[in-house]
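First comes the structure, then the notes that go with it.
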Amino acid sequence: MNSSSRRTQVEALRRARPRSRLLRGTVMALASWTLYAWASPEIALGDSLTERRLTNFQNFIREELWPHALRSEPFTFSGLWAWGHGIWNEVGASSTLATLQISILAIALSAVLAWPLSILAASNFATSAPFSPEVRDSSRGKQLVWTAARRASRGLAILMRAVPEYILAFLLLAVLGPRTAWPAVLALAIHNGGILARLGGEVVENLEPAPVRSLTAIGGRHGGLVVFALIPLTMGRNLLYFFYRFETCVREATVLGMLGVVSLGYWIQDARSKQYYDEMLLLVLFGSGLVILADLTSALARRSVRRG
């Protein structure tokens, strides 16, 4: 094949390629809005690059973030370790452990909330004839009940995940008070429970119907299908989503501490209010280390589930 015919074929393929006006319009609109936002006076990127602000940034890096205990002494790794170890013993260890406990309890409660909602929200299960294209003639009333249950479950799951964790925790603080971790735990559990319910419902709806229909053919009903079909068939995928949301709970548990819950976020906010930026940075690093450990644990667990 010579180069001329090859160019002809390439040109023919280019003209025959699928085209989407919606996709092109979306890209153009996004590009236009990006340019508008970049040029808007509210952004004012040029004001962030003034000489004064650059000098403040350099002073912040060179002085404010440097450990206060080491500013009047020559730098040594032993001194740095002693400073960091002191903060860890004082507030770091207890607040990191509290953050982990909040996230574990929250994800466990969210799974408890999500499991029944995910099953009831599945359109192929929440019907008088589950996983069957037919509806029994004598089940008109039951079908209405199942339809109402499905819509209520979906609506509740949407409401649970629609409100951000920060707002939920703020509202729960007014009810439960600031001296307990339950506002953060419940806020994370409610929000992530709504997300897991949505994801779990999609897992049920995407199941291959043949294995479940074999149970209905021998008289299986909703309870038996849940125990002998839905739980075994959906466990792997639901565990993947569970560990994925656990990572999010660890991160959000740190942030929610800024509302007054004694987690890492509480002491980060406390250090910021006192302008102890060196301690604030160290506490942020503690939180980052906890998130990394949670990510590694989640990745190993999900890999094990996929292999299993």
Exercise for the section: Sort through Val291, Val262, Val284, Val305 and tell me the only one that's assigned to a loop (DSSP other than H, G, I, E, B) and either under 23 Å from Gly86 (Cβ atoms) or at pLDDT below 90 (or both). Expected result: Val262
Exercise for the section: Using the structure shown, decide if Gly257 is in contact with a Phe, Trp or Tyr (Cβ under 8 Å, 6 or more places away or on another chain), in a loop (DSSP other than H, G, I, E, B), at pLDDT below 85 and in the same structural domain as Ser110 (by TED's automatic domain parsing). Expected result: no
Practice task
Evaluate the following for Leu22: is it farther than 30 Å from Ala271 by Cα, modelled with pLDDT of 80 or more and under 35 Å from the mean Cα position of the chain (by Cα)?
Solution key: yes
Handout entry: Residue satisfying all of: in the stretch 184-219; closer than 21 Å to Ser128 by Cβ and in contact with a Phe, Trp or Tyr (Cβ under 7 Å, 6 or more places away or on another chain); surrounded by the fewest Cβ atoms within 10 Å (Cβ to Cβ) among these
Key = Pro209
Practice task
Select, from Ser214, Ser123, the only residue that is of a type in the set (Gly, Ala, Ser), farther than 30 Å from Leu100 by Cα and in contact with a helix residue (DSSP H, G or I) (Cβ under 8 Å, 6 or more places away or on another chain).
Solution key: Ser123
Handout entry: Condition check for Ala157: more than 30 Å from Asn238 (Cβ to Cβ), in a helix (DSSP H, G or I) and modelled with pLDDT of 90 or more
Key = no
Practice task
Show the residue pairs that are 6+ apart or on different chains and have beta-carbon atoms under 7 Å apart, the first residue being within the stretch 194-209 and touching a residue at least 40 places away in the same chain (Cβ under 8 Å), the second being of a type in the set (Lys, Arg).
Solution key: Gly194/Arg161; Ile195/Arg161; Ile195/Arg245; Leu196/Arg245; Arg198/Arg161; Val203/Arg237
Problem - Every pair of residues 6+ apart whose Cβ atoms lie under 7 Å, when the first sits in the stretch 81-99 and is more than 17 Å from Ala294 (Cα to Cα) while the second is small (Gly, Ala, Ser) and modelled with pLDDT under 90 - result: Trp83/Ala69
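The values are calculated or read from the model by the stated rules, or taken from the named source; none is laboratory data. No experiment lies behind these values; they were computed from the predicted model shown. Note: ideal-geometry Cβ built from the backbone for every residue, glycine included; neighbour counts use all protein chains shown.
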